[in-house]
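Colleague: So that we are looking at the same thing, I have put the structure below in structure tokens.
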Amino acid sequence: MPSRIMLSPADIATLDLTDPRTHAEYDLSEVWRHLRRTQPFYWHPSVGGAPGFWVVSRHADVSEIYRDDKRFTSEKGNVLTTLLMGGDSAAGMMAAVTDGPRHADIRKILLKAFSPRALEGVVDHIRQSTRELLRDAVAREECDFARDVAADIPLTAICDLMGVPEADRAKVLELTATALGNDGAAQSPVAAWQARNDILAYFGTLAEERRRNPGDDAVSVLATGLIEGRPLTMDEIVVNCYSLIIGGDETSRMSMTGGVLALVEHPAQWRALKSGEADIATAVDEILRWTTPALHFGRTAMEDVPVGGQGQVIRAGDVVTLWSDSANMDEEVFDAPERFLLGRTPNKHLSFGYGPHFCLGAYLGRAEIAAMLTGLRELVASVELRGDTRRNYSNLLSGITSLPVTLRPE
Ligand code: HEM
């Protein structure tokens, strides 16, 4: 697709951040720069009868609100769609939309599945499967990087993390693709809804089994975990299983694919990767900053909060959205933020959020990008674009869904 049209700050009055087209078809960097400088707390007008909402664009303010789960709750939803509908049906059960002691307890249980020991095998498998996928793609020379390389890595990792048996994998992958709309085909919302219910039912059955016969996978830790001596309900178990899939699939795919596009567009950085000048761990964080797969998350104010020093007050009940794609480009925090630099340090990007809800899968997400960079460094001499790229249409997930490239072997 053609590159995105730069939206001018003069067009802010017509800006609709709820519309997926705004993010897929327009480059908002000038608008964000303007908002950071002049209206760091911008009131977004109501769209289609839904409430208006605050748009927070500065790194310092976004971090502060992420950190403050007392005055800014996730329990009424944490993304625009649910926030504007007035709530999330998983509130109080799923970690991402639960606050306070209950959140801390669920998170503690989930963390057991993310311990370095539990993740060792998952990460080994990520390295091995990424290498194999890249080797196959290089052998064919031409591929769609999004579909042929990046697509399977995150879901395979999540299935490993949850201990999904080999025999069920194809079914789980297919249901997930349908539920999340990843399979490219125009599909009905009913099919997506049905697939989501099938996944929840599948994890319900798996959790029953793991209660009887636990391992150290995520389903087992949820199925056997106790809070104040009581097990989690089946609803709590299955929504948290589902959250690992929705949290870890598209985000990681978008960062891997967007990372490759960034390397194609910045040949000096590709050379730095190839020569070994770029450290992989540092490069991973620059890819996360540059791609910012999750454009925003959001909260609801629990009390009146004065902000911004301009006499503005966020009122109790207001929806407050935090835009990481702006915060990650904040010139107050990043030197030359508009430059893609694999060696950037420090790099305090907010791509994984911040504070009590900081991404549980950050280590895994980083491991996937690192495996891809290592594979590119070792197996691929050059990457060339050989057709139009396609972007995701969403107000939440930003990235490339199709990246046709030629990979020349080393
Ligand atoms: C939370 C981004 C990978 C599971 C979050 C949040 C962000 C984020 C921004 C904070 C949400 C909020 O504050 O409301 C990403 C990105 C990823 C990634 C950019 C990849 C590049 C993963 C993976 C998993 C995962 C691989 C699991 C397999 C979760 C969970 C939460 C979360 C469970 C909720 C944590 C809590 O509320 O305590 N993620 N994520 N994420 N992420 Fe990720």
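Colleague: Starting from segment 1-22, take each residue that is within 21 Å of PRO45 (Cα to Cα) and list its partners that are in a loop (DSSP other than H, G, I, E, B) and β-branched (Val, Ile, Thr), counting only C-beta distances under 9 angstrom and pairs at least six apart or across chains.
Modeller: ASP16/VAL47; LEU17/VAL47; THR18/VAL47; ASP19/VAL47
Colleague: Also: When you scan segment 228-262, how many residues do you find that are away from the ligand (no atom under 11 Å from the Cβ), of a type in the set (A, V, I, L, M, F, W, C) and in a helix (DSSP H, G or I)?
Modeller: Count: 6.
Colleague: Considering only residues that are open to solvent by 10 Å² or more (accessible area, probe 1.4 Å) and touching a strand residue (DSSP E or B) at 6+ places or on another chain (Cβ under 8 Å), look in segment 226-257 and name the one that is nearest to ALA104 (Cα to Cα).
Modeller: Filtering segment 226-257 for residues that are open to solvent by 10 Å² or more (accessible area, probe 1.4 Å) and touching a strand residue (DSSP E or B) at 6+ places or on another chain (Cβ under 8 Å), the one nearest to ALA104 (Cα to Cα) comes out as THR251.
Colleague: Checking the conditions here, which among LEU364, LEU350 is in a loop (DSSP other than H, G, I, E, B), out of contact with any strand residue (DSSP E or B) (no Cβ under 6 Å at 6 or more places or on another chain) and crowded, with 17+ Cβ neighbours inside 10 Å?
Modeller: LEU350
Colleague: Still on this structure, please answer the following. Which one of the conditions (1) buried (at least 20 other Cβ atoms within 10 Å of the Cβ); (2) modelled with pLDDT of 95 or more; (3) touching a helix residue (DSSP H, G or I) at 6+ places or on another chain (Cβ under 7 Å) does THR401 fail to meet, given that it meets all the rest?
Modeller: Only one criterion is unmet by THR401, namely (2).
Colleague: If I filter segment 45-93 down to residues being among the polar types (S, T, N, Q) and free of Cβ contacts under 8 Å to residues at least 24 places away in the same chain, which single residue comes out as nearest to LEU110 (Cα to Cα)?
Modeller: The extreme case among them is SER89.
Colleague: List pairs: first residue in segment 352-371 and farther than 15 Å from PHE72 by Cβ, second residue assigned to a loop (DSSP other than H, G, I, E, B) and more than 7 Å from the ligand (Cβ to nearest atom) anywhere in the structure, Cβ distance under 8 angstrom, at least six positions apart or on different chains.
Modeller: Pairs found: LEU360/PHE114; GLY361/PHE114; TYR363/PHE114; LEU364/PHE114.
Colleague: Which residues, taken from segment 75-109, are surrounded by 20 or more Cβ atoms within 10 Å (Cβ to Cβ) and touching a Lys or Arg at 6+ places or on another chain (Cβ under 6 Å)?
Modeller: Matches in segment 75-109: ALA95 only.
Colleague: Another question about this same structure. Tally up the residues in segment 268-306 that are in contact with a strand residue (DSSP E or B) (Cβ under 7 Å, 6 or more places away or on another chain) and of a type in the set (S, T, N, Q), please.
Modeller: So the count comes out to 1.
Colleague: Taking GLU265 as meeting all but one of (1) in contact with a strand residue (DSSP E or B) (Cβ under 9 Å, 6 or more places away or on another chain); (2) within 14 Å of the ligand (Cβ to nearest atom); (3) open to solvent by 10 Å² or more (accessible area, probe 1.4 Å), write down the number of the exception.
Modeller: (2)
Colleague: Residue check: is GLU141 touching a residue at least 24 places away in the same chain (Cβ under 8 Å) and either within 30 Å of ARG391 (Cα to Cα) or within 15 Å of the ligand (Cβ to nearest atom) (or both)?
Modeller: Yes: the conditions hold for GLU141.
The values are calculated or read from the model by the stated rules, or taken from the named source; none is laboratory data. The structure presented is a predicted model; accordingly, all values stated were derived computationally and were not measured. FYI the Cβ positions are ideal-geometry reconstructions off the backbone, even for glycines, and counts take in every protein chain you see. The accessibility values were calculated without ligands, DNA or RNA, using every heavy atom of the protein model including side chains. Shrake-Rupley method; radii C 1.70, N 1.55, O 1.52, S 1.80 Å.
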